[in-house]
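A.B. asks: Can you keep this structure in mind? I'll have questions shortly.
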Amino acid sequence: MKEHHVSSYAGAVEALRHPQMVQALYDAGAVIMHKTLLTLDGEEHRLRRLLENRVFRKEFLAYYERDVFPATLTATLASYLDAGRMDLIDFGRRVTMNLTADFAGIDRPEGSADETAVLFELVKIFSEGATLVHSKRVKSEVESEVRAALQVLDARFVQPSIRRRQQLIAKFGRGELSEEELPRDILTVLLRNEDRVELPPDVLLREMAFYLQAGSHSTSNSLAHAMHEIFLWCERHPEDWQRVVEDRLFLQRCVHESLRLHPASPVAWRRPTCPFSMQGGDALTEQDRVVIDLASANRDPSIYGADAGEFNPSRVIPRGHFPFGLTFSSGVHTCLGRDLDGGVIAKPDTDPAKHQYGLISLLIGALLDAGVRPDPDQPPVPDAHTQRPNWGRYPVVFTR
Ligand code: HEM
């Protein structure tokens, strides 16, 4: 097996969009990732993605951002604001877990602290399972923890959520409910399964676990990186404190710039399904692995300029490229949560009052409104449990 490294932007796009390349990063994390959307290819992938994509429609994302999300945010933030301080990582995980659970279709009927705590621990375990390839722990230990966690998720959360939805779908079938009254989440879409895709119970369970961890950990890590970059930027440009609080389009630019510099998945892996040569001349066979360095591609000076490695929210982005680079990948596996988290890219004539900013900008906006600043007594600490460059703890205080 030969490992080919791709670090240029053009090479990364070619590899990610190549029809003869399939997913290879999650083989080690099969205990949780086997047959989830991200690991499928070909027709099986196309059909499942088409089905799930129904939940990510534009008008629903706008409704979610405007009507559903602010309530969850206010409720989660209240106790932290009272305390006057918090760990950004802990807050990010809790708030994004609740939001992703709603999106996935995992009910939390008790609404109790115990129930949230149980789900929170499960998501932590799933996240470690999905990124096993980068874990510093013994593989078999993590795998047994994931298996046990899946059983708890199934019995306590997934089965009751399925039963409730099946009753609602049956009522809809009898004409007692309108389509708008059905829950708008992945589980409902999968149970209705209008396209008749193959979904045995173990696959359904892993898909739910995959969504819970895919949505929450990437969002909370990105939140901490963006907050950190904004702190550093405003330290060097104090005149921008006011702007970042008042100009939400500028704040979204800061978030996109940070997403570009700190992709939640720094690499994507692909495997060729037949021998072929890449445009750069690399000859590949089915036994090879292509490691696509998203973090380097996002800093490619030929696209983002000579200062591509720097955080600069005023950077001019060339036409046809994303301000957040390849952080949400490209090609058939492009992140389904991209617009939910990153929002829509603003144009010169965008109306700030009607714009969809994305969850990360909304979360940071709420923290900035409360006068968030780094805790002067406790510096942030990198996460020691993974090779990924994430923050483990990020203490902040509120000055308003
Ligand atoms: C900052 C936040 C996020 C980042 C950086 C991110 C990044 C990514 C990346 C890089 C991939 C593709 C990996 C590859 O090509 O091998 C991906 C796939 C995916 N993401 Fe995200 N993600 C984020 C948030 C979310 C959220 C909030 C959700 C759902 C609520 C989500 C759902 C998915 C799904 C379903 C896929 C699989 C798509 C497919 O294979 O067709 N992501 N994400």
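The values are calculated or read from the model by the stated rules, or taken from the named source; none is laboratory data. Values in this document were obtained by computation on a predicted structure and should not be read as measured data. A quick note on method: Cβ atoms are made from the backbone with ideal geometry, for glycine too, and the neighbour counts reach across all protein chains shown. Side chains are part of the model used for accessible areas, which takes the heavy atoms of the whole protein and leaves out ligands, DNA and RNA. Shrake-Rupley method; radii C 1.70, N 1.55, O 1.52, S 1.80 Å.
A.B. asks: Suppose we keep only residues that are among the hydroxyl-bearing types (Ser, Thr, Tyr) and closer than 29 Å to residue 248 by Cβ within the stretch 278-327. Which one would you say is nearest to the ligand (Cβ to nearest atom)?
C.D. replies: In the first step, residues of the stretch 278-327 are kept if they are among the hydroxyl-bearing types (Ser, Thr, Tyr); the result is 285, 296, 302, 304, 314, 327.
Add one more test, that the residue is closer than 29 Å to residue 248 by Cβ, and what stays is 304, 314, 327.
Values: 304: 17, 314: 22, 327: 5 Å.
Filtering first and then ranking leaves 327.
A.B. asks: For the stretch 304-320, which residues satisfy the criterion of being surrounded by fewer than 19 Cβ atoms within 10 Å (Cβ to Cβ) and touching a residue at least 60 places away in the same chain (Cβ under 8 Å)?
C.D. replies: Once the filter is applied, which keeps residues that are surrounded by fewer than 19 Cβ atoms within 10 Å (Cβ to Cβ) and touching a residue at least 60 places away in the same chain (Cβ under 8 Å), the stretch 304-320 yields only 314.
A.B. asks: Mind checking whether some residue in the stretch 350-360 is of a type in the set (A, V, I, L, M), within 19 Å of residue 90 (Cβ to Cβ) and open to solvent by less than 50 Å² (accessible area, probe 1.4 Å)?
C.D. replies: Kept after step one, since they are of a type in the set (A, V, I, L, M), are these residues of the stretch 350-360: 353, 359-360.
Filter once more, keeping what is within 19 Å of residue 90 (Cβ to Cβ): 359-360.
Adding the requirement that they be open to solvent by less than 50 Å² (accessible area, probe 1.4 Å) leaves 359-360.
Yes, there is a match, as at least one residue in the stretch 350-360 is of a type in the set (A, V, I, L, M), within 19 Å of residue 90 (Cβ to Cβ) and open to solvent by less than 50 Å² (accessible area, probe 1.4 Å).
A.B. asks: Next up: Quick check on this structure: which one of 107, 82, 114 is more than 17 Å from residue 360 (Cβ to Cβ) and surrounded by 18 or more Cβ atoms within 10 Å (Cβ to Cβ)?
C.D. replies: 107
A.B. asks: Moving on to the next point. Within the stretch 127-144, work out how many residues are closer than 18 Å to residue 219 by Cα and free of Cβ contacts under 8 Å to residues at least 12 places away in the same chain.
C.D. replies: Looking only at that region, the number is 0.
A.B. asks: Please enumerate the residues belonging to the stretch 164-188 that are open to solvent by less than 40 Å² (accessible area, probe 1.4 Å) and among the basic types (Lys, Arg).
C.D. replies: Correct list: 165 only.
A.B. asks: In addition: For the stretch 107-125, check the following and say yes or no: at least one residue is touching a Lys or Arg at 6+ places or on another chain (Cβ under 7 Å) and of a type in the set (Phe, Trp, Tyr).
C.D. replies: Yes, the conditions are met somewhere in the stretch 107-125.
A.B. asks: Considering only residues that are within 17 Å of the chain's Cα centre (by Cα), touching a residue at least 40 places away in the same chain (Cβ under 8 Å) and under 28 Å from residue 271 (Cα atoms), which ones fall in the stretch 30-55? Give the derivation first.
C.D. replies: Narrowing the stretch 30-55 to residues within 17 Å of the chain's Cα centre (by Cα): 32-33, 36-39, 49, 52-53, 55.
Next cut, touching a residue at least 40 places away in the same chain (Cβ under 8 Å) only: 32-33, 36-38, 49, 52-53, 55.
Result: 32, 33, 36, 37, 38, 49, 52, 53.
A.B. asks: Give 75, 62, 130 a once-over and let me know the one that is open to solvent by less than 30 Å² (accessible area, probe 1.4 Å), under 30 Å from residue 166 (Cβ atoms) and out of contact with any Ser or Thr (no Cβ under 8 Å at 6 or more places or on another chain).
C.D. replies: Numbers: 75 fails: open to solvent by less than 30 Å² (accessible area, probe 1.4 Å); 62 fails: open to solvent by less than 30 Å² (accessible area, probe 1.4 Å).
Going through 75, 62, 130 in turn, the sole match is 130.
A.B. asks: Give me a count of the residues in the stretch 328-340 that are within 7 Å of the ligand (Cβ to nearest atom) and open to solvent by less than 20 Å² (accessible area, probe 1.4 Å).
C.D. replies: Number satisfying all stated conditions: 1.
A.B. asks: Just for the stretch 199-218: of the residues that are closer than 20 Å to residue 49 by Cβ and in contact with a Lys or Arg (Cβ under 9 Å, 6 or more places away or on another chain), which one is surrounded by the fewest Cβ atoms within 10 Å (Cβ to Cβ)? Give the steps one after another, and end with the answer.
C.D. replies: Residues of the stretch 199-218 closer than 20 Å to residue 49 by Cβ: 199-200, 202-215, 218.
Checking the rest, the ones that are also in contact with a Lys or Arg (Cβ under 9 Å, 6 or more places away or on another chain) come to 199-200, 202-203, 206-207, 213.
Working: 199: 15, 200: 8, 202: 12, 203: 17, 206: 23, 207: 23, 213: 23.
Among those residues, the one meeting the criterion is 200.
A.B. asks: Could you check the stretch 250-275 and list, in sequence order, the residues that are over 23 Å from residue 334 (Cα atoms) and open to solvent by less than 40 Å² (accessible area, probe 1.4 Å)? Steps first, answer last, please.
C.D. replies: Just the residues of the stretch 250-275 that are over 23 Å from residue 334 (Cα atoms), to begin with: 250-251, 275.
Within the stretch 250-275, 250, 251 qualify.
A.B. asks: Counting residues that are among the polar types (S, T, N, Q), more than 24 Å from residue 197 (Cα to Cα) and more than 10 Å from the ligand (Cβ to nearest atom), which helices (runs of 4 or more DSSP H) fully inside the stretch 10-63 reach at least 1? Walk me through it before giving the result.
C.D. replies: Numbers: elements: 30-33, 42-52, 58-63.
Counting at least 1 such residues, we get no helices (runs of 4 or more DSSP H) at all.
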